[in-house]
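The values are calculated or read from the model by the stated rules, or taken from the named source; none is laboratory data. What you see is a predicted model, and the numbers here were worked out from it, not measured in a lab. For neighbour counting, all protein chains shown are included, and Cβ atoms are generated from backbone atoms with ideal geometry for every residue, glycine included. Please note that ligands, DNA and RNA were not included when accessible areas were found on the heavy atoms of the full protein model with its side chains. Shrake-Rupley method; radii C 1.70, N 1.55, O 1.52, S 1.80 Å.
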Amino acid sequence: MTDDAHAGGSAGEPTGPHERRRERAAERLEAVGAAGLVAFPSRNLQYLTGFAEEPGERHFFLVIPASSATEPEPALLAPALYETQVREATTVGEVRTWNDGDDPVAATRELLADRGLDAGRLLVDDTMWARFTQDLRAAAPDATWGLASEALADLRVRKDEAELAALREAAAVADGVVDDLRELGADAVGMTEAALADWIAERLAERGGRGVSFETVVAAGENGAKPHHGHGDREIRAGEPVVLDFGTRVDGYPSDQTRTLAFGGEPSEAYAEVHQVVREAQAAGVEAVEPGVPAAAVDRAAREVIEAAGYGDAFVHRTGHGVGLDVHEEPYLVAGNDRPLEPGMVCSVEPGIYLDGRFGCRIEDLVVVTEDGCERLNRTGRGWA
Ligand code: GLY
Ligand code: MN
């Protein structure tokens, strides 16, 4: 999504969503007592500029001074080979470039000094590579340092309409592929987990998704007891539970949903009981989501169902996590997180039961917190068939 490419409006007014986000970020920096922020290729940079790029070995920084700075204009310092891309994708007013063979630390020092950011408290991307944080220390030896999430987490946690539209569409694409899997039925028997993961990736692309939003989990039989198994050479057998956790991206935003299906036969009674418990726990978790409710209360609501059924020790992770440009972000639905849920937050609700050496079961939907409850983004059935 390159907002700034759609930016219109009168000069001096913030227009595209990314420009508005940069303004709000500058205000947040002021509020948390930071002089400025330095992002590198990351979800934060994408959120603030619309430019999405993998981190690489070249120095690539977005600098945003706090709103009261004498020189408050954000600036990008980019490797010269990115110049056209960056200028096309963003409206950041100043783009400085450096060429291979130049000293990028000197260019960084100059930019920070020009923005009055050679001292004071600077927030850096939480995921910034250590080699770049070291170079920033060298470029601004008198500065002190903190993490960008201090200013940005609160902005990113509530999704705007454009973000919600992308998340809804990404969820619909993934739901469609669950329906495709149900149709595949007995034809999945004998496929390896890896072959089915490839098949899922192809269907996601056919339905309009872009790539996979994380390594697809196809966890057959006993592999399902490892919540983040991924996929391997194990062949899928008739009637065994297969944990299927996958997603794709639409306009940069991911889906993340899980169904546990059985192909070509009925699962055991022991599994059927577990599936029913997880389904009820998931429904209880979704039911608990509303504004003002502490995140931990959603975890408790789902966990109580599983504990009451005697499987408490087999639910080995939190109930959910926020979803935005990052697949895992705040708010975390976990014991001890008293943060109240707010309209616009999007999170997963994904209880599971994992029985070592036997099988696993997880059911996961994304929900968006609304003014009076929540809306499920995933609508496909939650049964195993
Ligand atoms: N899939 C569960 C978690 O990572 O929270
Ligand atoms: Mn998830």
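Summary of computed values
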quantity	calculated
Neighbours by Cβ (under 6 Å, 6+ apart or cross-chain): first from the stretch 190-209, at pLDDT 95 or above; second part of a strand (DSSP E or B) and surrounded by fewer than 17 Cβ atoms within 10 Å (Cβ to Cβ)	Gly190/Glu235; Thr192/Glu235
Any hit, the stretch 271-290, residues being closer than 27 Å to Glu161 by Cα, among the small types (Gly, Ala, Ser) and within 15 Å of ligand 1 (Cβ to nearest atom)	yes
Residues satisfying the stated conditions in the stretch 238-281, i.e. in contact with a Pro (Cβ under 8 Å, 6 or more places away or on another chain) and part of a loop (DSSP other than H, G, I, E, B)	Gly239, Glu240, Gly247, Thr248, Pro267
Top-ranked residue of the stretch 291-328 - restricted to ones that are touching a residue at least 12 places away in the same chain (Cβ under 8 Å), outside any loop (DSSP other than H, G, I, E, B) and under 19 Å from Glu375 (Cβ atoms), ranked as farthest from ligand 2 (Cβ to nearest atom)	Ala301
Count of the stretch 314-333 residues which are within 14 Å of Arg300 (Cα to Cα), open to solvent by 50 Å² or more (accessible area, probe 1.4 Å) and either more than 10 Å from ligand 1 (Cβ to nearest atom) or not charged (D, E, K, R) (or both)	2
Any strands (runs of 3 or more DSSP E) falling wholly within the stretch 334-379 and containing at least 1 residues that are farther than 18 Å from Ala220 by Cα and either within 14 Å of ligand 2 (Cβ to nearest atom) or open to solvent by less than 50 Å² (accessible area, probe 1.4 Å) (or both)	346-349, 365-369, 374-376
